[in-house]
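Here the structure comes first, spelled out in structure tokens, and everything after it is commentary.
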Amino acid sequence: IDLLAGCERAVASTKAYTTQLVLLILLACYIADRLGFVLDAKLLEELPHISDHIAHLLEDHERFAKYAKLLEDQRDAYFIGRNLDYASVLEGALKLKEVSYVHADAYVAGELKHGPIALIEEGSVVIAVATQPQIASKTINNIQETIARGARVVLFTTAGQEVKNVANTYYLPEVPAVLQTILVAIPLQLIAYYTACIKGCDVDKPRNLAKSGTVE
């Protein structure tokens with residue numbers, strides 16, 4: 001199924017990722033409709049406007065560049081999220097290590113206390129995504145545990161979530177929860193981009209990677 005995203009200009013896929021998310025959501029809606037399920041009217045209403053929300057996110061690029069400054073002297077970064085947010089942080093960690101060579105791992109937030117939290121120390125950078133309403137508060141509680149150990153946290157969440165002690169909190173536009181996976185990808189990718197720029201890396205042609213953009 002054609003993504004209709006056009007040719008990727010760089011080795012690291014950005015628009016190919018977000019258009020795949022849109023396509024998978026549309027495919028899920030189509031299958032649900034064929035099986036006779038009632039579709040989420042709000043989701044179908046908001047999906048055509050997702051590009052408008054992305055345009056507003058891109059206007060905030062300076063904030064994401066500021067978040068990237070936290071990684072300027074870091075060799076490691078930690079991403080956490082639950083449920084669909086875990087898929088989002090996997091993308092964020094992948095992009096960061098691809099283009100900036102910062103070692104980045106993504107963890108299920110609920111598993112943090114069962115091992116990964118041992119890596120958190122004074123000055124560690126934790127990037128958290130908490131957009132799924134039924135579990136967002138649990139992820140926010142997890143990041144408080146990293147703050148207590150000296151971590152500097154960047155949190156992406158939605159309006160209405162109670163957030164304390166997190167200086168770098170970004171509230172994403174109000175859309176159905178499944179569509180947040182598309183929106184949060186934008187700032188996560190931009191953080192990777194700006195980190196690479198700060199570190200003097202070639203953003204378009206990361207070392208050791210070969211993809212269709214360079215081999216065809």
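Compute the label zone of F37 within region 170-199: residues whose backbone N is under 13 Å from the point 7 Å along Cα-to-Cβ.
Within reach of a label on F37, which here means backbone N under 13 Å from a point 7 Å along Cα→Cβ, region 170-199 contributes 178.
Could you pull out the pairs from K69/K97; K69/K164; K97/K138 whose alpha carbons sit more than 18 Å apart here?
Flagged as over cut-off: K69/K164; K97/K138.
Let me know the Kirkwood hydrodynamic radius for the chain, please, with Cα pairs as the basis and the value in Å to one decimal.
Its Kirkwood hydrodynamic radius stands at 18.0 Å.
Using a 1.4 angstrom probe with every protein chain in place, what is the largest-first accessible-area order of H53, H103, H114?
Result of the area sort, largest leading: H114, H103, H53.
Kyte-Doolittle cut-off 0.5, length cut-off 18 Å along the helix's own axis using Cα: show which whole DSSP H helices in the chain pass.
15-34, 180-198
What net charge do the residues around P116 carry, taking every other residue with its C-beta under 14 Å from that of P116, with Lys and Arg at +1 and Asp and Glu at -1?
-2
Which of the trypsin sites (Lys or Arg not before Pro) found in region 91-174 are loop residues per DSSP with 16 or fewer other Cβ atoms within 10 Å of their Cβ?
R149, K164
How much length would be gained if the chain were fully extended between D202 and A65, taking 0.36 nm per residue of separation minus their Cα-Cα distance, in nm to one decimal?
Taking D202 through A65 to full extension adds about 47.7 nm, to one decimal.
From Cα pairs below 8 angstrom and at least 6 apart in sequence, can you work out the relative contact order of the chain, rounded to a whole percent?
28 percent.
What number comes out for accessible area per residue over the chain if the probe is 1.4 Å? Units Å², please.
52
Leaving out same-chain residues fewer than 8 places away, which aspartates and glutamates sit with a Cα under 16 Å from that of K15?
D2, D52, E91, E98, D204
Rounded to a whole number, what is D in µm²/s for region 9-92 from Stokes-Einstein with the Kirkwood radius over alpha-carbon pairs (4 °C, 1.567 mPa s)?
82
The values are calculated or read from the model by the stated rules, or taken from the named source; none is laboratory data. The shown structure was predicted, so the numbers you read here are calculated from the model rather than taken from an experiment. Neighbour counts run over all protein chains shown; Cβ positions are idealised from the backbone, glycine included. Only protein heavy atoms, including side chains, enter the accessible area calculation; ligands, DNA and RNA are left aside. Shrake-Rupley method; radii C 1.70, N 1.55, O 1.52, S 1.80 Å.
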